[in-house]
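The next block holds one structure in the form of structure tokens; read it before the comments.
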Number of protein chains: 2
Amino acid sequence: MTVGNEKTTVGFVGLGIMGHSMAGHILAAGYSLHVSNRSRSKADDLVAKGARWHDRAGEVAAAADVVITMVGYPRDVEAIYLDSGGIVERVRPGAILIDMTTSSPELAERIAVAAKRRGVSALDAPVSGGDVGAREARLSIMVGGEPAAFDEALPILKLMGSNIVRQGGPGAGQHAKLCNQIVVAGTMLGVCEGLAYAKRSGLDPETVLKSIGAGAAKSVLLDKMGERILRGDFAPGFFIDHFIKDMSIASAEAERLHVELPALHLARRIYEALAAQGLGREGTQALFKHYES
Amino acid sequence: MTVGNEKTTVGFVGLGIMGHSMAGHILAAGYSLHVSNRSRSKADDLVAKGARWHDRAGEVAAAADVVITMVGYPRDVEAIYLDSGGIVERVRPGAILIDMTTSSPELAERIAVAAKRRGVSALDAPVSGGDVGAREARLSIMVGGEPAAFDEALPILKLMGSNIVRQGGPGAGQHAKLCNQIVVAGTMLGVCEGLAYAKRSGLDPETVLKSIGAGAAKSVLLDKMGERILRGDFAPGFFIDHFIKDMSIASAEAERLHVELPALHLARRIYEALAAQGLGREGTQALFKHYES
């Protein structure tokens, strides 16, 4: 198999907001595309453009040289890869498996081991950049796995991302993504506490941002989320529920690695309280509501 | 008095690393400069260039149209302004007082009231940008006080800063600076926890920064402090002791305003533990050491 020419057949499992955009880029680049998703309707426009539908992830794997997955939770990843009739059982020898879900490093390692037994390489390749990054093919893709498989997958990954870095062996992509989420968790706490203080002290938060938005406090989150918070816009760029999933994986890994991360713990506790209040489908900037209550 | 021409006499009290650079810009712009400082030797080069030395802050005030102070702690601010023989007692009618120390909003309000009784305007104008910002006259200056006094002081402030914003009445500059420090506290927690996780999970933290340094986790602190932490450089840009002072003021104000800021509280607790271990004169990036111990 030679990835990177148009004879390569690509399978894509999981056509949520991000997966749908990502699969679309691969189809648009001229690859033969096989897709599957929990609800079939999400695949309709891709099928209309020539993608082949399959009811099960295992069937996609049986048809493809490169199998990409972008699903919800680690339990979903585990099921589609490791269950009987799943991807690892049905995959063609010599293929490459790429899980782009944010999932557990330990599971990524298990999948890599199971894949190797079948003569197949597996990469973990979670992303950051959200729905906009996926739509504009400007994702940051953090990859774990063997160098040879990374090199081979690179032409496909380049269709979806603009910053593609191999972080190490199996699981390393997931570890790097968790680092990203840990930094985001602390930064979000700082942004929301600073803005909450600004409002409570009687300042005009927009004027405060003019002073603090250009110095040491400057961050992408202060800039983007700060502006949304002040507009009262809590619509999801990234769901609180999904962020809680990521933080839960990070907490479990941190515990396994014997490193205490109290700010991550604090952020997770507050977000879980917000989800318990029914805010799980709001954007992560709704953390601010905790400080207003 | 007309501030902004070279007949204006400026007093500057507090010639620490930042104050010394700031006073130097005013002298270089051709103003008549009167200075005072706890240790006289810090004034030697300014005096050699024409500044007039005084042993006490009150004497500086008696000689100046604009009195600027940049000292250590709120207790120092209170003493030089409000003690017998201090700035408020000795200041000339019609002068402007500008405290650029990061200090308590409540104290700034008290000074403004006391100054008004003497027919004098007082501004609180704390800065961010550190020693480099002071040296390069690129500070962000957050100002609280009356609009007329702000307008009059602006030509002098412009000699020291590039981003000068009036945040509201007396105390508002201090409140805005506290917002800045609250955002910084949370962001520093995120940066250090993310890098600690990266190291503990066996990743190469520099490679991780290549993935996460351009997306949602991006911040000035991740960029600057991340690099210093990975080099093992814990030299102070900003002392842990001074950051603890700022966080203590912010905590006290938050309590007074009935807003709970648990991430600020967490950061302060960890920094205080580091100071108790003798690290108070290291830079704030030494927060990372907490996660290595």
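The values are calculated or read from the model by the stated rules, or taken from the named source; none is laboratory data. What you are looking at is a predicted structure, and each value in this text was computed from that prediction instead of being measured. Using ideal geometry, Cβ is built from the backbone for each residue, glycine included, and neighbour counts are taken over all protein chains shown. All accessible areas refer to the heavy atoms of the entire protein, side chains included, with ligands and DNA or RNA removed. Shrake-Rupley method; radii C 1.70, N 1.55, O 1.52, S 1.80 Å.
The calculated FRET efficiency for the pair B:ARG117 and A:SER248, based on their C-beta separation and a Förster distance of 41 Å, comes to about 0.10.
Report the FRET efficiency, 1/(1 + (r/R0)^6), for A:GLN277 and A:SER162, where r is their Cβ-Cβ distance and R0 is 41 Å, rounded to 0.05. E(calc), rounded to 0.05, equals 0.65. The C-alpha atoms of chain B define a longest principal axis, and helix B:262-274 lies at about 90 degrees to it.
Determine the relative contact order of the stretch A:176-292: mean sequence separation of Cα pairs under 8 Å and six or more apart, normalised by residue count, in whole percent. About 39 percent, as a whole number.
To the nearest ten degrees, helix B:220-231 and the longest principal axis of the Cα atoms of chain B are 60 degrees apart.
With no solvent and one point per C-alpha, what does the Debye sum give as log10 I(q)/I(0) for the stretch B:149-251 at q = 0.09 Å⁻¹? So the normalised log intensities work out to -0.34.
The label-point distance for B:LYS7 and B:GLU206, in a model that sets each label 7 Å from Cα toward Cβ, rounds to 6.0 nm.
Per residue of peptide B:167-177, the mean number of Cβ atoms on other chains within 10 Å of the residue Cβ is 5. For chain B, the relative contact order comes to 13 percent (Cα pairs under 8 Å, sequence separation of at least 6).
Within the stretch A:233-278, which GluC sites (Glu not before Pro) sit in a loop by DSSP and count at most 15 neighbouring Cβ atoms inside 10 Å?
A:GLU260
Overall shape of chain B was characterised from the C-alpha gyration tensor. The equivalent ellipsoid obtained from it has semi-axes of 37, 20, 17 Å, in decreasing order. Where only DSSP H runs of four or more residues are counted, chain A gives -15500 deg cm²/dmol as its mean residue ellipticity at 222 nm, each run worth -39500 (n - 2.57). What angle, in degrees between 0 and 90 and rounded to the nearest 10, separates the Cα long axis of helix A:147-157 from the longest principal axis of the Cα atoms of chain A? Rounded to the nearest ten degrees, it is 80. Residue pairs exceeding 22 angstrom between C-alpha atoms, taken from A:LYS224/B:LYS218; A:LYS245/B:LYS289; A:LYS199/A:LYS224: A:LYS245/B:LYS289.
Its relative contact order, with pairs defined as Cα atoms under 8 Å and 6+ residues apart, puts the stretch B:28-125 at 24 percent. When the Cα convex hull of the protein assembly as shown is projected onto planes of every orientation, the mean area is 27.8 nm².
Of the residues B:MET70, A:MET100, ranked by 1.4 Å probe accessible area with the largest first, the sequence reads B:MET70, A:MET100.
Taking a point 7 Å from the Cα of B:GLU136 along the Cα-to-Cβ direction, the residues of the stretch B:192-222 with backbone N closer than 16 Å to it are B:220-221. The DSSP beta bridges internal to the protein assembly as shown are antiparallel in roughly 15% of cases. Between B:LYS49 and A:ASP45, the distance separating the two model label sites (each 7 Å from Cα on the Cα→Cβ line) works out to 6.3 nm.
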